[in-house]
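This report refers to the structure that appears directly beneath it.
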Amino acid sequence: MTNYFQSTRNQNIKVSASQAILQGLSQDGGLFVLPDFTNRSYPIEQLQEASYQKIAQNIFQLFFDEFSREEIAECVSKAYDQKFSHPAITPIVKVGPSYVLELFHGPTSAFKDVALSILPHFMAQALNKQQVEEKILILTATSGDTGKAALEGFRDNEAIDIMVFYPNEGVSTIQERQMQTQRGDNVSVCAIEGNFDDAQSSLKEIFNDQVLQQELHQKQIQLSSANSVNIGRLVPQIVYYFDAYRQLLDQNEIELNEPVDFVVPTGNFGNILAGYYAKKLGLPIRNLICASNDNHILTDFLQTGIYDARREFLKTSSPSMDILISSNLERLLFDVSGQDSVYVNKCMTKLKEDGYFSVDSEILKALQEIFVAGFASDERVGQTIHDVYEETGYVLDPHTAVAHAVMEELDDCTCKRIVLATASPYKFVESVLAALELEHATLSEYEKMALLEKMTGVSIPQRLQSLMDLPVLHQDVIAKDAIKMYIQSQIKGGN
Ligand SMILES: *Cc1c(COP(=O)(O)O)cnc(C)c1O
């Protein structure tokens with residue numbers, strides 16, 4: 001029997017894996033999920049003989065069994081055999097009494113590369129299976145890192161075009177420059193006068209805009225998403241939880257079946273949800289620690305059961321986590337409510353109409369058995385980067401520092417703790433230099449990176465070294481409500 005995916009908001013909407021990957025978002029606004037996990041598991045006693053690629057192969061077969069072994073193997077090899085600068089893909093490093101799982105050795109130096117290196121290959125296979133004649137147009141909202149990783153993943157793909165929207169003045173200098181210098185015939189990049197939530201909600205409306213869809217169909221264009229709402233983006237993130245556990249087993253740091261905690265710097269809830277799926281598949285995870293920055297809506301939710309987006313959106317030193325509407329929470333609610341799409345629909349409608357929703361006490365209790373939440377202010381983040389460097393010589397980026405700070409505050413060493421490191425410190429070089437109290441006001445971006453390298457001995461990622469010399473190719477800035485018009489103006493008619 002082949003898996004099918006259903007909408008979190010309507011159990012009658014059922015699609016195959018390839019349809020789910022191509023559509024990105026369900027037409028009712030819901031997200032595609034596997035209806036239930038009870039009959040699926042990953043045999044962890046086999047982890048020690050595996051490699052990253054082998055674990056990836058096994059996980060993808062569990063979820064995307066519509067694809068053959070050979071098809072999956074081809075995707076895995078194209079994504080992971082060459083493109084990561086570290087042979088372990090996602091190496092684990094001991095830092096003080098805990099561990100850091102480095103997810104940033106891909107082409108754009110952020111964890112988004114892990115999934116966005118493979119999503120384009122899944123899409124290509126899915127296009128084949130569905131015999132789609134239309135061109136795919138990927139619309140992507142980014143808080144800074146998804147944009148570049150998706151652009152790199154999809155550039156020069158003949159069957160797929162991609163457009164990326166990012167918050168003007170809402171990303172780091174390096175992140176912005178990475179996107180503005182993107183080459184490729186099939187890419188557009190545009191800043192909006194708004195924040196990530198504005199971009200994401202505009203795109204969600206566009207996905208549900210039947211009139212626009214019709215207009216696009218006439219031009220032989222079909223929309224899809226590269227955000228973590230796409231199940232093809234989420235599933236690849238499960239792999240590194242298993243691989244982290246494997247590495248700890250290999251290094252004799254843990255014994256088989258020993259429970260561990262993962263600490264996850266969280267924004268759109270994609271990364272940590274992948275951890276939850278890993279736990280459901282049998283990985284011995286005790287707690288998933290959900291770490292937020294000053295936009296701590298998830299901390300409040302996991303502590304009180306009330307998700308209240310009626311609050312100010314704050315800009316922090318961890319911009320990729322500046323998010324108030326965490327899309328993937330919907331998938332978690334679906335699961336903990338016992339796959340109750342009516343319940344999820346009710347919560348999401350309430351959030352859209354009134355700006356908040358709350359969950360029943362049983363659901364809150366179920367969540368709190370697994371998730372522990374905390375947040376770190378920007379000041380704490382700076383202090384953490386400083387102190388961890390002083391004590392261990394390890395340089396955290398601000399997002400990873402959020403997680404580290406939350407972990408320290410919880411001060412619970414009763415099991416091994418793994419912090420997910422989501423970006424290279426060089427992407428946020430200015431905040432990192434400030435935290436390390438290194439004078440940098442007059443330096444160019446390249447000089448800042450060189451200073452960090454000189455002081456810490458951590459090499460600048462190769463692709464970032466030459467970044468500031470590349471020509472700027474994209475400079476559009478539009479109003480936040482002009483995204484639809486922008487898309488229409490960019491479409492040149494089905495070619
Ligand atoms: C996207 C991102 C996050 C947040 O991940 P989610 O899956 O959205 O929760 C954290 N850190 C960095 C560096 C990111 O790019």
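The values are calculated or read from the model by the stated rules, or taken from the named source; none is laboratory data. Predicted, not measured: the structure shown is a model, and the values here were computed from it. Here Cβ is always computed from backbone atoms with ideal geometry, including for glycine, and neighbour counts include all displayed protein chains.
Looking at 54, 78, which one is of a type in the set (D, E, K, R) and without any contact (Cβ under 8 Å) to a residue 40 or more places away in the chain?
54
Sort out which residues of the range 131-159 are β-branched (Val, Ile, Thr) and more than 23 Å from the chain's Cα centre (by Cα), and write them in order of number.
If the condition is that a residue be β-branched (Val, Ile, Thr) and more than 23 Å from the chain's Cα centre (by Cα), then 132 is the only one that fits.
Cβ-Cβ below 6 Å, separation at least six or inter-chain, first residue in the range 427-448 and among the polar types (S, T, N, Q), second within 16 Å of the ligand (Cβ to nearest atom) and part of a loop (DSSP other than H, G, I, E, B): which pairs?
431/317
For the range 249-274, name all the residues that are under 15 Å from residue 44 (Cα atoms) and in contact (Cβ under 8 Å) with a residue 60 or more places away in the chain.
Residues satisfying the conditions are 249, 250, 254, 256, 257, 258, 259, 260.
Is it the case, given these coordinates, that residue 233 is of a type outside the set (Asp, Glu) and either outside any helix (DSSP H, G or I) or farther than 30 Å from residue 42 by Cβ (or both)?
no
Among the residues of the range 302-319, which ones are within 13 Å of the ligand (Cβ to nearest atom) and outside any loop (DSSP other than H, G, I, E, B)?
319, the sole residue that qualifies.
Going residue by residue through the range 249-256, is there one that turns out to be at pLDDT 95 or above and assigned to a helix (DSSP H, G or I)? Steps first, please.
Narrowing the range 249-256 to residues at pLDDT 95 or above: 249-256.
Subsequent filtering for residues that are assigned to a helix (DSSP H, G or I) retains 249-250.
Yes; the residues of the range 249-256 include at least one that is at pLDDT 95 or above and assigned to a helix (DSSP H, G or I).
Can you name the condition, by its number, that residue 243 falls short on among (1) within 16 Å of the ligand (Cβ to nearest atom); (2) in a helix (DSSP H, G or I)?
With respect to (1) within 16 Å of the ligand (Cβ to nearest atom); (2) in a helix (DSSP H, G or I), residue 243 is out only on (1).
Are any residues in the range 65-113 in contact with a helix residue (DSSP H, G or I) (Cβ under 6 Å, 6 or more places away or on another chain) and either of a type in the set (Asp, Glu) or not assigned by the TED database to the domain that holds residue 254 (or both), and if so, which ones?
Hits for the range 65-113 are 66, 71, 113.
Give 373, 366 a once-over and let me know the one that is at pLDDT 95 or above and in contact with a strand residue (DSSP E or B) (Cβ under 7 Å, 6 or more places away or on another chain). Walk me through how you get there before you give the answer.
Working: 366 fails: in contact with a strand residue (DSSP E or B) (Cβ under 7 Å, 6 or more places away or on another chain).
It is 373.
Taking the range 248-301 as the region of interest, how many residues are β-branched (Val, Ile, Thr), near the ligand (Cβ under 9 Å from one of its atoms) and out of contact with any helix residue (DSSP H, G or I) (no Cβ under 6 Å at 6 or more places or on another chain)?
Adding up the residues that qualify gives 1.
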